[in-house]
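> Below you'll find the structure I mean.
The values are calculated or read from the model by the stated rules, or taken from the named source; none is laboratory data. What you see is a predicted model; the values in this text were computed from it and never measured. So basically every Cβ, Gly included, is an ideal-geometry build from the backbone, and we count neighbours across all protein chains shown.
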Amino acid sequence: MIDFKKIFSSALNLHFHDHMSLDQIEALIETPKNPLHGDLAFPCFQLAKALRKNPAEIAQKAALELQGSLIHQANAVGPYLNVFFSKEAASAQILEEVLKQNRLFGTNQSGKNKTALLDYSSPNIAKPFSMGHLRSTVIGNALANLAEACGYQTVRINYIGDWGTQFGKLITAYQKWGSPSAIEKQPIQELFKLYVRFHEEENNDTELTAEARRSFKKLEDGDQEAEKLWKWFRDESLTEFQRIYKLLNISFDSYQGEAFYNDKMGNAVSALRDKGLLSDSEGAEVVYLDDGLPPCLIKKSDGATLYATRDITAALYRKTQYQFDHALYIVGQEQSVHFKQVKQVIKKLGCHWADDLFHIPFGLYLKDGQKMSTRKGKVILLEEVVLEAIKLAEINIDNKNPNLENKKEIAKAVGVGAILFHDLKNDRMNSIEFSLKDMLTFEGETGPYLQYTNARAFSILRKSSLEPASVIGLSDSASWEVLKSINSYPVKIIQSYTLHSPAILAKHLLEISKNFNKYYSKVHILENDELLPSRLALVKAVTITLSNGMKILGMEAPEKM
Ligand code: ARG
């Protein structure tokens, strides 16, 4: 069945998404009583209101805009926009556009001249890069790519957790039990061991807590020894993180972490004080908040600053530095109160742009239904999981296609693709039970399934000497399903970004792959008849859409597998 409504509303949505959602448009579409007037009709009254224009004028303009797209004929009849479809024409049109736009297919200009700032990944130094940080990293990276696909300038920030009381703990633990040579050998593991030991011993020794607090205070006051240790821990950690980002093909524009704001907090605190927002609470300084939020602690009684102090300072700095139109913080849902507090404090400072700060939360990775806790040392190391996935991909290739060129590279693409997609296809708020087995499955709804489907399409193209071209439209139902899903891909990109949901795109790529695999099993694609160039065009359109989509998700899209 042809979903005319969807095509019509998607086409309208491409032009009017700023004023009306896809659902709103779809809900308004009517079927004219007299079929001679059109297959479908869209009344322009509501849009006219939003645009403050005359409905007939809008119908006329929209008719022009839709001409030459997927719609065979569009007529403005008074305030109504009536359309006729032709399957052949529509398919030829879709194919032509996809082939022409190629790498740009799916992109749009909704974010033109706007800047989106994304704060993601942000692991804590001296701690292993755990599975817990994977979600922020891959969702953040996908959202940043989506923002770019929507025409935004992006600023990708890795807000490294390199400051806070935990460094007091670490310095104390190191001074008590640490061995420099062990740390040089395996920096993160050793530092992490110290961290875990600190928490174990702290339970029976309250003096340790006080000592750690003093160590942190020293660090904040610029004590040389403390600073030297801190810098050493930081450098070692960053080197390890870089290795992982390289493995995942992820990069950032800035690594300005919490410590970067040390010398900038004074200004933020003064601004709060000048506005009369700071109150004393048992020697500590807090900002009282509305909407049932707990007070935001700005300075402890010993003068030490907090996570919130740094986030407030960072937001103020970034607004001046980057003039962002919106900033997304891709951070677990357990920090939602924190971000509400930060946002409200900034708003109270009189910054209207506080409304442009968005916390994009996500669910946890669970182990046996429980939260994985770093403190108790219960972590799963991301790097080990990724390396395991790559190894498995290599074994798969050795079995299926032992003569493949660049085996190592492809194995990396597949292994990493499996891990990324396993995360991204889940709706972000769902918690995910950690299962290495699920992550490393290459069949079913997985990243490698997309990659294999894409590579299969590429191999069909290599088998023909003809150029793909949409000379004649396709009118069979199997191709129509593929075409329809390709057709709605650009709208899925917009939805994915505006709803901050890479899962929408991930699921849509699965849909396209399934439709294509069905098509492949039903239709003799390489049959030498007059439709061959059109069928090849369809195959090429599949490679374009899947490759573009996978790249946005952060995956590689190999042509041969
Ligand atoms: N380092 C923090 C953590 O691991 C996440 C930082 C998120 N970003 C921010 N601007 N607070 O929990």
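> Here is a list of conditions, (1) away from the ligand (no atom under 15 Å from the Cβ); (2) surrounded by fewer than 18 Cβ atoms within 10 Å (Cβ to Cβ), and Lys340 meets all of them except one; can you say which number that is?
Result: Lys340 fails condition (1) only.
A quick yes/no check of all residues on (1) modelled with pLDDT of 90 or more; (2) within 16 Å of the ligand (Cβ to nearest atom); (3) of a type in the set (A, V, I, L, M, F, W, C); (4) in a helix (DSSP H, G or I):
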| position | (1), (2), (3), (4) |
| --- | --- |
| Ala147 | yes, no, yes, yes |
| Ile183 | no, no, yes, yes |
| Ile188 | no, yes, yes, yes |
| Leu194 | yes, no, yes, yes |
| Arg197 | yes, no, no, yes |
| Glu201 | yes, no, no, yes |
| Ala212 | yes, no, yes, yes |
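> Considering Val98, Val155, which residue is within 16 Å of the ligand (Cβ to nearest atom), of a type in the set (A, V, I, L, M) and either outside any helix (DSSP H, G or I) or within 30 Å of Phe16 (Cβ to Cβ) (or both)?
Exactly one residue qualifies, and that residue is Val155.
> Against the condition closer than 21 Å to Ile139 by Cα, in contact (Cβ under 8 Å) with a residue 40 or more places away in the chain and buried (at least 18 other Cβ atoms within 10 Å of the Cβ), how does Phe362 come out, does it pass?
Here the answer is yes, as Phe362 does meet what is asked.
> Starting from residues that are over 18 Å from the mean Cα position of the chain (by Cα) and under 13 Å from Ile432 (Cβ atoms), keep the ones in region 355-367 and report whichever is modelled with the highest pLDDT.
Leu366
> Six or more apart or on different chains, Cβ under 8 Å: which pairs go from a residue in region 46-68 that's farther than 30 Å from Ala89 by Cα to one that's surrounded by fewer than 17 Cβ atoms within 10 Å (Cβ to Cβ)? Could you list them?
Partner pairs satisfying both residue conditions: Ala50/His19; Leu51/His19.
> Go through region 296-337 residue by residue and tally those that are over 26 Å from Arg428 (Cα atoms) and either more than 13 Å from the ligand (Cβ to nearest atom) or of a type in the set (Asp, Glu) (or both).
Number satisfying all stated conditions: 15.
> Could you tell me which of the residues Ile244, Ile171, Ile183 is among the hydrophobic types (A, V, I, L, M, F, W, C), within 23 Å of Val386 (Cβ to Cβ) and surrounded by 13 or more Cβ atoms within 10 Å (Cβ to Cβ)?
The unique qualifying residue is Ile244.
> All but one of (1) touching a strand residue (DSSP E or B) at 6+ places or on another chain (Cβ under 6 Å); (2) over 29 Å from Asn515 (Cα atoms) hold for Lys61; which doesn't?
Just one mismatch for Lys61, condition (1).
> Here are some residues: Glu445, Glu530, Glu511. Which one is outside any helix (DSSP H, G or I), of a type in the set (Asp, Glu) and either within 20 Å of Leu546 (Cα to Cα) or in contact with a helix residue (DSSP H, G or I) (Cβ under 6 Å, 6 or more places away or on another chain) (or both)?
So the residue among Glu445, Glu530, Glu511 that is outside any helix (DSSP H, G or I), of a type in the set (Asp, Glu) and either within 20 Å of Leu546 (Cα to Cα) or in contact with a helix residue (DSSP H, G or I) (Cβ under 6 Å, 6 or more places away or on another chain) (or both) is Glu445.
> Would you check which residues across region 499-520 are in contact (Cβ under 8 Å) with a residue 12 or more places away in the chain and not hydrophobic (A, V, I, L, M, F, W, C) and list them?
Once the filter is applied, which keeps residues that are in contact (Cβ under 8 Å) with a residue 12 or more places away in the chain and not hydrophobic (A, V, I, L, M, F, W, C), region 499-520 yields His500, Ser501, Pro502, Lys507, His508, Glu511, Ser513, Asn515, Asn517, Lys518, Tyr519, Tyr520.
> So, one more: In region 120-133, what residues are part of a helix (DSSP H, G or I) and either modelled with pLDDT of 90 or more or near the ligand (Cβ under 8 Å from one of its atoms) (or both)?
Gly132, His133
> OK, next. Would you confirm, using the coordinates I've provided, whether Ala226 is over 32 Å from the mean Cα position of the chain (by Cα), surrounded by 15 or more Cβ atoms within 10 Å (Cβ to Cβ) and under 19 Å from Ile125 (Cα atoms)?
yes
> Condition check: under 26 Å from the mean Cα position of the chain (by Cα), within 16 Å of the ligand (Cβ to nearest atom) and in contact (Cβ under 8 Å) with a residue 60 or more places away in the chain. Does Gln256 satisfy that?
It is true that Gln256 is under 26 Å from the mean Cα position of the chain (by Cα), within 16 Å of the ligand (Cβ to nearest atom) and in contact (Cβ under 8 Å) with a residue 60 or more places away in the chain.
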